[in-house]
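**Student:** Input: one structure, supplied below.
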């Protein structure tokens, strides 16, 4: 199962750096701006994560929650999110996009219909925060048939026995949660410890590209450079919130943040 | 989908935690898999352990003050004319509501797990009040998550929580009610699950929390079973058990012991919150045919839009103001063991007036919903039919709302 996500990791490795993954919530702060932000940051980002907002989120922190509520209030619907991806891919058809959200969105849309739409508009991967292993097995298989990566989350609380089982059923990319936290928490675990846990995971299967997320900001990103990839989400959502407060252009401000992030891991 | 006999309903879920193959489950963040599994192992071990059951019973008896009374409402029966109306006065329990059973058991479990902190959600404030009381009793530090709207409308309970030394965390997101409090509480647990025990306040959440809560509140029907036999010599030939349903913890506990009876003999009637008569919003997913969705870690019937966003609810009673409902009730509905209906805000207020006029009983707005339907049904039922309503909470917490809606003369509080 090869897809654009693999090429993105390969390219980053050739440049001896981790891949940069950025997360924004679709529709934050408008449908138009989401598309503009994606287009603008894709110059620096290797893999784009696009959040599907939900109003009963149980694993996200304040920043992403604020973004999600803002997007829902602006009336964003799944069909708009697929539209954003489609429009983006028209120009940047080689840049991988991952949709990230909660299972109820998929469940209501219908698993098969959802995956068909993903395939049609060019989604490369999916992260469903509340569909852990083994509950995710059947859906992950459906993704595989469409060559869409189902990206699983691994946590510091995941036992070794469980890690092995999850990794055994993994697609070529996994996501390691750096610490016990919701998204956007302050990094309370030392980078050394995070990398130690990370290496345990890589030892089980080194070929699976594993990214680290949660608590990664301009300040902390450099310390985790050894990972295959690093995800920044809340710091970007926060920038959008601040831009709105200051009546500045979120597209420009977010792009600046992402450029600086990229420079730190070059 | 079938309800099995002789197996407790809480133990009828499959390996992945689904009742009837589709309600419940564990739709949670990976981080919570391990703490949930640990809690499952602990609970499965303890729930059949004689010492633990003795310990629970000791606290239930000496501290909660079980059994709560079963009383006949003679005046109300006479006024209504029809079936005999009885009430199980669960609000007799220490703290004034059924939430004390679940709170006590969670604190016992937290102690066994060696946790020093405990967190919980609350709507009407009873779950929070009881958890803070129990936490104090068991020496645990406690945080209660409560929607800002509920903090405003349930002040007496908020004050009680603070008095017990617990911290009240106001939740300003979304509708600022129970649904958001539960989300916020779960988020906090994700970040602090290594030191902190979470007590979900009702039979909702990932399946282990549904089971613990159902196991705890079943105390109500264990007592009722004995009390009915003492009163009538055997379980009455025509028995109807009315209970309000929000998350569904008191109703499940009120029915559990009678599960294996034929519904022609022992009927279960769950009353959801229909909201204001003029509003389209409600908190009655079972009555109004909401679709199955995922909320707070479990698949259930839940009010939502086509895109899967959870819809805002509206009800005068904070304790019933929840868009979803326990997987246990979804299961009992689909296997047709229980029947569900709704009462409006206005119905509940009318029933409160009637009950307090004729009886020395002061049901909170939640059980007033159940009284409303029970009174209406009782008119049409024969004299040998026994109607029992679970008066699962006391109305003291509703003082401000009742005074505003009914005027001060209706509402005498000591």
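**Student:** Filter the range B:13-60 down to residues that are within 14 Å of chain A (Cβ to nearest Cβ) and on the phi > 0 side of the Ramachandran plot and give me whichever is surrounded by the most Cβ atoms within 10 Å (Cβ to Cβ).
**Tutor:** Only one residue tops the list, namely B:24.
**Student:** OK, next. Applying the selection to the range A:231-266, what residues are outside any helix (DSSP H, G or I) and farther than 22 Å from residue A:9 by Cβ?
**Tutor:** Taking the range A:231-266 first, the residues outside any helix (DSSP H, G or I) are A:231-233, A:246-249, A:266.
Within the range A:231-266, A:246, A:247, A:248, A:249 meet the criteria.
**Student:** Against the conditions (1) under 20 Å from the mean Cα position of the chain (by Cα); (2) without any contact (Cβ under 8 Å) to a residue 40 or more places away in the chain; (3) within 9 Å of chain A (Cβ to nearest Cβ), where does residue B:307 fall short? Just the number, please.
**Tutor:** Unmet condition: (1).
**Student:** Now a separate question. From (1) closer than 18 Å to residue A:241 by Cβ; (2) buried (at least 19 other Cβ atoms within 10 Å of the Cβ); (3) under 18 Å from the mean Cα position of the chain (by Cα), pick out the condition that doesn't hold for residue A:62.
**Tutor:** Exception for residue A:62: condition (2).
**Student:** Output the helices (runs of 4 or more DSSP H) that fall wholly within the range B:86-205 and possess 3 or more residues being buried (at least 24 other Cβ atoms within 10 Å of the Cβ) and modelled with pLDDT under 95, or say none. Spell out how you get there, then give the answer.
**Tutor:** Details: elements: B:99-112, B:126-138, B:148-153, B:155-163, B:178-192.
Per the criteria, B:178-192.
**Student:** Give the residues of the range A:68-79 that are over 22 Å from residue A:114 (Cβ atoms) and surrounded by 20 or more Cβ atoms within 10 Å (Cβ to Cβ), sorted by residue number.
**Tutor:** A:70, the sole residue that qualifies.
**Student:** Would you point out the residue of the range B:267-302, among those that are surrounded by fewer than 24 Cβ atoms within 10 Å (Cβ to Cβ) and free of Cβ contacts under 8 Å to residues at least 40 places away in the same chain, that is nearest to residue A:106 (Cα to Cα)?
**Tutor:** So, considering only residues that are surrounded by fewer than 24 Cβ atoms within 10 Å (Cβ to Cβ) and free of Cβ contacts under 8 Å to residues at least 40 places away in the same chain, the one nearest to residue A:106 (Cα to Cα) is B:291.
**Student:** In the list A:151, A:97, which residue meets the criterion of being modelled with pLDDT of 95 or more, in contact with a strand residue (DSSP E or B) (Cβ under 8 Å, 6 or more places away or on another chain), crowded, with 23+ Cβ neighbours inside 10 Å and within 18 Å of residue A:27 (Cα to Cα)?
**Tutor:** Matching residue, one of A:151, A:97: A:97.
**Student:** Here is a further query. Is it the case that some residue within the range A:39-54 is surrounded by fewer than 21 Cβ atoms within 10 Å (Cβ to Cβ), within 14 Å of chain B (Cβ to nearest Cβ) and more than 19 Å from residue B:305 (Cα to Cα)?
**Tutor:** no
**Student:** Please specify each residue of the range B:260-294 satisfying the condition of being in a strand (DSSP E or B) and more than 14 Å from every other protein chain (Cβ to nearest Cβ). Walk me through how you get there before you give the answer.
**Tutor:** Keep residues of the range B:260-294 that are in a strand (DSSP E or B), which gives B:266-275, B:283, B:292-294.
B:266, B:267, B:268, B:269, B:270, B:271, B:272, B:273, B:274, B:275, B:283, listed by residue number.
**Student:** Can you list residue pairs whose Cβ atoms sit under 7 Å apart, with the first residue in the range A:154-165 being facing chain B (nearest Cβ under 7 Å) and surrounded by fewer than 19 Cβ atoms within 10 Å (Cβ to Cβ) and the second being modelled with pLDDT of 95 or more and in a helix (DSSP H, G or I)? Count only pairs 6 or more apart in sequence or on different chains.
**Tutor:** Close Cβ pairs (under 7 Å, with a partner that is modelled with pLDDT of 95 or more and in a helix (DSSP H, G or I)) amount to A:159/B:34.
**Student:** Another question, if that's okay. For residue A:172, which of the numbered conditions (1) within 18 Å of residue A:23 (Cα to Cα); (2) in contact with a helix residue (DSSP H, G or I) (Cβ under 7 Å, 6 or more places away or on another chain); (3) more than 14 Å from chain B (Cβ to nearest Cβ) fails to hold?
**Tutor:** With (1) within 18 Å of residue A:23 (Cα to Cα); (2) in contact with a helix residue (DSSP H, G or I) (Cβ under 7 Å, 6 or more places away or on another chain); (3) more than 14 Å from chain B (Cβ to nearest Cβ) applied to residue A:172, the lone miss is (1).
**Student:** Name the single residue that is farthest from residue B:21 (Cα to Cα) among those in the range B:295-304 being more than 9 Å from chain A (Cβ to nearest Cβ) and in contact with a helix residue (DSSP H, G or I) (Cβ under 9 Å, 6 or more places away or on another chain).
**Tutor:** Ranking the qualifying residues of the range B:295-304, first place goes to B:301.
The values are calculated or read from the model by the stated rules, or taken from the named source; none is laboratory data. Not measured: the values here are computed from a predicted model. So basically every Cβ, Gly included, is an ideal-geometry build from the backbone, and we count neighbours across all protein chains shown.
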